[in-house]
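Trainee: Supplied in structure tokens, the structure appears directly below.
The values are calculated or read from the model by the stated rules, or taken from the named source; none is laboratory data. Please read these numbers as outputs of a predicted model, since none were measured by experiment. In this analysis, Cβ positions are derived from the backbone assuming ideal geometry, glycine residues included, and neighbour counts consider all displayed protein chains.
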Amino acid sequence: MANMKTLAKDTAIYGLSSIVGRFLNYLLVPLYTQSMSAASGGYGVITNMYALTALTLVLLTFGMETTFFRFANKEGEDPKKVFSTALISVSSASLLFVVLVLLFISPVSEFLGYADNPTYVSAMALTVAIDAVRAIPFVYLRQQKKALKFAALQLLNIAINIALNLIYYLLLGGEDPGYAFYINLATSAIVTLCLYRELMGIRAGFDRQLMRRMLNYSWPIVLLGIAGILNQVADKILFPFIYDGKDMQMQLGIYGATVKIAMIMAMITQAFRYAYEPFVFGKTRDKDNDYMQATAMKYYVIFTLLAFLCVVGYIDIIKYVIAPDYWVGLRVVPIVMAAEIMMGVYFNLSFWYKLEDKTFWGAIFSAVGCAILIGINVIFVPRFGYIACAWAGFFGYFAAMMLSYIVGRIYHPIIYPRRSISVYIILTILSYAAMHYGRQLLPQWASLTINTALIMVFITHVLLYDFPLSGLPVIGKYFKKK
């Protein structure tokens, strides 16, 4: 229980920077959608460009975040040398990337569809290079258990970004989507300067032999990361190339805006991941490590399903995060949220091959999921539009999750509480069905009342069967069994 409390505490701190930070960042969604109408396609440009940078970031970091955790916790390895070797390698790759993009900015911009706005591409190239470099100091903070500094810098990043966006889009009445990219560049540069002390760790030098061993471990993670990020952004990258309608940017903007509502699931998963990776790798030699993973899986599923019901249940209120002309895309929200839950479960399942140094399995699972996602997009998006993007992610994550679970039972079997988890899944499905049909048949006030009651039923079940109220301070004594 002490280990689970440590995990919960770290998750809460990382959650402050991830969940609260991204919630504050949601201020940009109504700001952008109010400043740039759906018909203008401006938010479609932002959606497409950020998808491209997310993929590029995975390529430039080439698995060094997870690899750093693995090697920094290995016996006989010097964490400082591991850190400096990783930092030098990522910095070198990022510098080369920026030089190549700037040298060939015209053909690159034309290929991406931004021939008239090459500065969009150059600004985001510089931004993603800086973000790749600073990812290593951030992962070092996590490994050193400096969660508070990590959270503070992440929130600073959000605060500066929001402030500059409010100045341009609200106070100055700007409408150019490109300024979102210029602001992002300035924000990344400022926060990176705050990591000056950690960046000085580069003085520990570069170890070629260590780098070879790290690359041998990380190359499957790179493939895993590419497939994983494509599962998240391939639809937004491919959409301009496979959707033939003249309203392509408008449709992509609607999809990108409504997907933002579903991203609360990604926030929870990200916060959990920040705490969970160093927690698991730091306890590889503990006898109860498998039990901890099984228990953590159950609580992850419980709280993500609760979040799913809360968003779906109050979607008629939450929808005001985006402008009314984007509401037509709200039907993708439950699909995308379900896909994000499966992505989180897949992440939790992935530790068996990371701990067994069989990371090539992760590359295979993610590649299969990615192939399914891309195939569904290519086949169905031209006919059904962005709704096919949402279902493609759903089936892609489902395939990767199931493959990891099935193969994991062979190589590193962990006894997960399947019966307990199944009860929560069934309860969620029934509640969602009631919410969906109630929203169609009843007045809004009645629908919201019923939705609240259903959420309370779910919470009551958690309190009765899985949440240790007796372990809480002060009030816990009232719940202890006599």
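Trainee: As an exercise: evaluate Arg331 against (1) in contact with a Pro (Cβ under 9 Å, 6 or more places away or on another chain); (2) under 30 Å from Leu31 (Cβ atoms); (3) of a type in the set (Lys, Arg) and give the number of the one condition it does not meet.
Mentor: Status for Arg331: all satisfied but (1).
Trainee: A further question follows. Out of the residues in segment 82-97 meeting the condition of being more than 17 Å from Glu65 (Cβ to Cβ) and in contact (Cβ under 8 Å) with a residue 24 or more places away in the chain, tell me which one is surrounded by the fewest Cβ atoms within 10 Å (Cβ to Cβ).
Mentor: Across segment 82-97, the extreme among qualifying residues is Leu95.
Trainee: A follow-up question, please. Do any helices (runs of 4 or more DSSP H) lying entirely in segment 247-341 carry at least 3 residues that are modelled with pLDDT of 75 or more and within 30 Å of Arg70 (Cβ to Cβ), and which ones are they?
Mentor: Result: 289-313.
Trainee: Oh, and also: When the residues of segment 99-125 are filtered to those that are among the small types (Gly, Ala, Ser) and at negative phi, which remaining residue is modelled with the lowest pLDDT?
Mentor: Ala115
Trainee: So, in segment 208-231, of the ones that are in contact with a helix residue (DSSP H, G or I) (Cβ under 7 Å, 6 or more places away or on another chain) and among the polar types (S, T, N, Q), which residue ends up surrounded by the most Cβ atoms within 10 Å (Cβ to Cβ)?
Mentor: Going through the qualifying residues, I end up with Ser218.
Trainee: So which pairs qualify, if the first residue must be in segment 178-206 and under 22 Å from Leu141 (Cβ atoms), the second must be surrounded by 16 or more Cβ atoms within 10 Å (Cβ to Cβ) and among the basic types (Lys, Arg), the Cβ gap must be under 8 Å, and the two must be at least 6 apart or on different chains?
Mentor: Pairs that qualify, where the first residue is under 22 Å from Leu141 (Cβ atoms) and the partner is surrounded by 16 or more Cβ atoms within 10 Å (Cβ to Cβ) and among the basic types (Lys, Arg), are Ser188/Arg134; Val191/Arg134; Thr192/Arg134; Leu195/Arg134; Ala204/Lys81; Gly205/Lys81.
Trainee: State the number of residues belonging to segment 154-174 that are surrounded by fewer than 20 Cβ atoms within 10 Å (Cβ to Cβ) and not in a loop (DSSP other than H, G, I, E, B).
Mentor: Looking only at that region, the number is 12.
Trainee: If you don't mind, another one. Can you tell me which residue is surrounded by the fewest Cβ atoms within 10 Å (Cβ to Cβ) among those in segment 419-450 that are in contact (Cβ under 8 Å) with a residue 24 or more places away in the chain and under 18 Å from Tyr291 (Cα atoms)?
Mentor: Ser420
Trainee: Turning to a different aspect of this structure: Is at least one residue of segment 383-399 out of contact with any strand residue (DSSP E or B) (no Cβ under 6 Å at 6 or more places or on another chain), more than 18 Å from Met337 (Cα to Cα), touching a residue at least 12 places away in the same chain (Cβ under 8 Å) and assigned to a helix (DSSP H, G or I)?
Mentor: There is no residue in segment 383-399 that is out of contact with any strand residue (DSSP E or B) (no Cβ under 6 Å at 6 or more places or on another chain), more than 18 Å from Met337 (Cα to Cα), touching a residue at least 12 places away in the same chain (Cβ under 8 Å) and assigned to a helix (DSSP H, G or I).
Trainee: Shifting gears a bit: Please tell me if Tyr416 is crowded, with 18+ Cβ neighbours inside 10 Å, out of contact with any Gly (no Cβ under 7 Å at 6 or more places or on another chain), at negative phi and not in a helix (DSSP H, G or I).
Mentor: Yes, satisfied.
Trainee: Here is a further query. I'm checking my understanding of the structure. Among residues of segment 343-380 that are outside any helix (DSSP H, G or I) and at pLDDT 75 or above, which one is nearest to Gly393 (Cα to Cα)?
Mentor: Going through the qualifying residues, I end up with Ser350.
Trainee: What single numbered condition from (1) in contact with a Gly (Cβ under 9 Å, 6 or more places away or on another chain); (2) surrounded by fewer than 18 Cβ atoms within 10 Å (Cβ to Cβ) fails to hold for Lys146?
Mentor: (1) is the only condition that Lys146 fails.
Trainee: I would also like to ask the following. Can you find, within segment 403-413, the residue that is farthest from Ile372 (Cα to Cα) among those that are among the aliphatic types (A, V, I, L, M) and buried (at least 17 other Cβ atoms within 10 Å of the Cβ)?
Mentor: Per the criteria, the residue is Val407.
Trainee: Just a yes or no: is a residue in segment 463-475 farther than 30 Å from Ile229 by Cα, of a type outside the set (Lys, Arg), surrounded by 18 or more Cβ atoms within 10 Å (Cβ to Cβ) and modelled with pLDDT of 85 or more?
Mentor: Looking through segment 463-475, none of the residues is farther than 30 Å from Ile229 by Cα, of a type outside the set (Lys, Arg), surrounded by 18 or more Cβ atoms within 10 Å (Cβ to Cβ) and modelled with pLDDT of 85 or more.
Trainee: Quick one: Met200 ticks every box in (1) of a type in the set (A, V, I, L, M); (2) surrounded by fewer than 21 Cβ atoms within 10 Å (Cβ to Cβ); (3) at pLDDT below 85 except a single one, so which number is it?
Mentor: With (1) of a type in the set (A, V, I, L, M); (2) surrounded by fewer than 21 Cβ atoms within 10 Å (Cβ to Cβ); (3) at pLDDT below 85 applied to Met200, the lone miss is (3).
Trainee: Sticking with this one: Could you please let me know if Asn184 is more than 30 Å from Ile364 (Cα to Cα), of a type in the set (S, T, N, Q) and either modelled with pLDDT of 85 or more or in contact with a helix residue (DSSP H, G or I) (Cβ under 6 Å, 6 or more places away or on another chain) (or both)?
Mentor: Yes, satisfied.
Trainee: Checking Asn451 against (1) at pLDDT 95 or above; (2) under 30 Å from Ser366 (Cα atoms), which test does it fail?
Mentor: (2)
Results for (1) farther than 30 Å from Tyr243 by Cα; (2) in contact (Cβ under 8 Å) with a residue 24 or more places away in the chain, shown as yes or no for each residue.
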| residue | (1), (2) |
| --- | --- |
| Phe111 | no, no |
| Ala123 | no, yes |
| Thr127 | no, yes |
| Ile130 | yes, yes |
| Arg142 | yes, yes |
| Phe150 | yes, yes |
| Gln154 | yes, yes |
| Gly174 | no, yes |
